[in-house]
Amino acid sequence: MRVFNFSAGPAALPESVLAQAAAEMLDWHGTGMSVMEMSHRGKEFMGIQAKVEADLRTLLAIPEDYSVLFLQGGAIAENALVPMNMLGRRTIADYVNTGEWSKKSIREARKYCTVKIVASSEDTNFTSIPALGTWQLDRNAAYVHICTNETIGGIEYQWTPETGEVPLVADMSSHILSRVIDVAKYGVIYAGAQKNAGTAGLTLVIVRNDLLDRALPITPSAFHWQEQAAADSMVNTPPTYAIYIAGLVFEWLLAQGGVAAIEKKNIAKAALLYDYLDTTQFYRAPARKMDRSRMNVRFHLQDESLDSAFLRGAKEAGMDQLKGHRAVGGMRASIYNAMPFEGVRTLVAYMKQFEQQYG
Ligand code: PMP
């Protein structure tokens, strides 16, 4: 029996995607082989990858003058590859610090350049996104880096910063494809696939073509965006099976009506949980209301000694992976695209019942 899986990532996939992958496992479309076993340069896989890219372009309305790269390494690798690919002759990069994933990006970037923290929500314990008016942007910075959804802290940008001539670079790992975005406002978007776009091993990089000439000479070829863009992400063997799974997820998303339609569902799912959290004293949700993440709903039991009983009961009721990240404790319900409404309803019903029992 499948559970309602609230994992922050790798995360739940649509059941129909898993069923299709299983059905096609031994023999993809009459080729007599699994996608895993195909040459990445054969016409079958090249066809798969071209379709995956076309579907992603449709889903996010990616403008023509952007390249889409399918890389390995995950978002953590990109934390280093962003400065390597973006610094050019500049030595300064602006970073906004909104929590654990921002901090990781900052720590990594410091190996390559002078990092300026232009805004931080540390003063609110990373429960809010600093207003744009407070950002101390540097016009000489190579780029401005933000994490648009902090998976651990549970806060999310509900708006897009304007950074003028300085390109905006965003780590969208935990909310890409969950809401409509205007790609043209970003210079670079990157994301690990294992939350809303499939399985671990694939990293998506969407980069405006005029930014492709800034890589430092030391940038490894496998992670050199310009070289990868010129080679259709085949400088090295791309993560073929993860690309195929992402393709099935994209087809599923298109069948759901695309990103605008899934965004409506995501708003409704998050509201169900937050509306309940707003009515109870038994639980608390630390994120500032206007910055609450729709994807990662963080909450705490006021009485932390009940945490393990809460998790045990949830598991018995068919809900798994609700434990919060060790950095912040408490609980976290990650409710990505693939989490059905029913999963959130079941969680809220359980939370109410638990409150009645122990409150
Ligand atoms: N950034 C964000 C916002 C994340 O949520 C994660 C993974 N949870 C990462 C970066 C790191 O991704 P990876 O482990 O794939 O490198």
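Structure values in brief
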| quantity | calculated |
| --- | --- |
| Two-site FRET efficiency, Glu64 against Met234, from Cβ-Cβ distance with R₀ of 25 Å, rounded to 0.05 | 0.75 |
| Extension gain, Ser16 back to Arg41 (0.36 nm per residue minus Cα-Cα distance, nm) | 6.2 nm |
| Largest-first principal axis extents of the Cα set of the range 314-359 (Å) | 28, 27, 15 |
| Normalised contact order of the range 259-358, rounded percent, pairs of Cα under 8 Å and 6 or more residues apart | 30 percent |
| Net dipole in debye of the range 92-158 [+1 Lys, Arg Cβ; -1 Asp, Glu Cβ; about Cα centre; nearest 20] | 300 debye |
| Cubic angstrom per residue, convex hull over Cα atoms of the range 219-332 | 197 Å³ |
| Packing-based exposure ordering (other Cβ within 10 Å, fewest first) of Ser121, Ser67 | Ser67, Ser121 |
| Label-point gap, in nm, between Ala200 and Ala23 - each point 7 angstrom along Cα→Cβ | 2.9 nm |
| Tail weight of P(r) past 23 Å, computed on alpha-carbon pairs of the range 1-141, percent | 60 percent |
| Which of Thr199, Thr237 has the fewest Cβ neighbours within 10 Å, and the rest in rising order | Thr237, Thr199 |
| Partners for Lys116 among aspartates and glutamates (Cα-Cα distance below 16 Å; same-chain residues under 8 apart left out) | Asp94, Glu108, Asp138 |
| For the chain, size of Cβ-based charge dipole, Lys and Arg +1, Asp and Glu -1, in debye | 600 debye |
| FRET efficiency for Arg89 and Glu355, using Cβ-Cβ distance with R0 set to 45 Å, rounded to 0.05 | 0.20 |
| Square roots of 5 times each gyration tensor eigenvalue, C-alpha, the range 132-244, largest first, Å | 24, 20, 11 |
| For the range 15-255: relative contact order, % (alpha-carbon pairs under 8 angstrom, 6 or more apart) | 27 percent |
| Residue-averaged 222 nm ellipticity for the chain, from DSSP H runs of 4+ at -39500 (n - 2.57), nearest 500 | -11000 deg cm²/dmol |
| Sites Leu216 and Ile117 - FRET efficiency at Förster radius 22 Å, r taken between beta-carbons, to 0.05 | 0.50 |
| Antiparallel DSSP beta bridges within the chain, as percent of all bridges there, nearest 5 | 55 percent |
| Mean Cα-pair separation over length for the range 237-312, i.e. relative contact order, pairs under 8 Å, 6 or more apart, % | 21 percent |
| Farthest toward positive dipole pole in the range 15-255 [+1 Lys/Arg, -1 Asp/Glu at C-beta], among Leu69, Asn140, Ile245 | Asn140 |
| Principal axis dimensions, largest first and in whole angstrom, of the range 1-50 by Cα | 37, 20, 15 |
| In Å, descending, principal axis extents of the Cα set of the range 66-113 | 28, 26, 19 |
| Rg/Rg_ref, the chain, where Rg_ref = 2.2 N^0.38 Å and atoms are Cα | 1.01 |
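Read-outs: derived from the displayed coordinates by stated rules, not from any lab. Since the model is a prediction, treat every value here as computed from it, not as a measurement. Cβ coordinates were reconstructed from backbone atoms using ideal geometry, including for glycine residues, and neighbour counts include every protein chain displayed.
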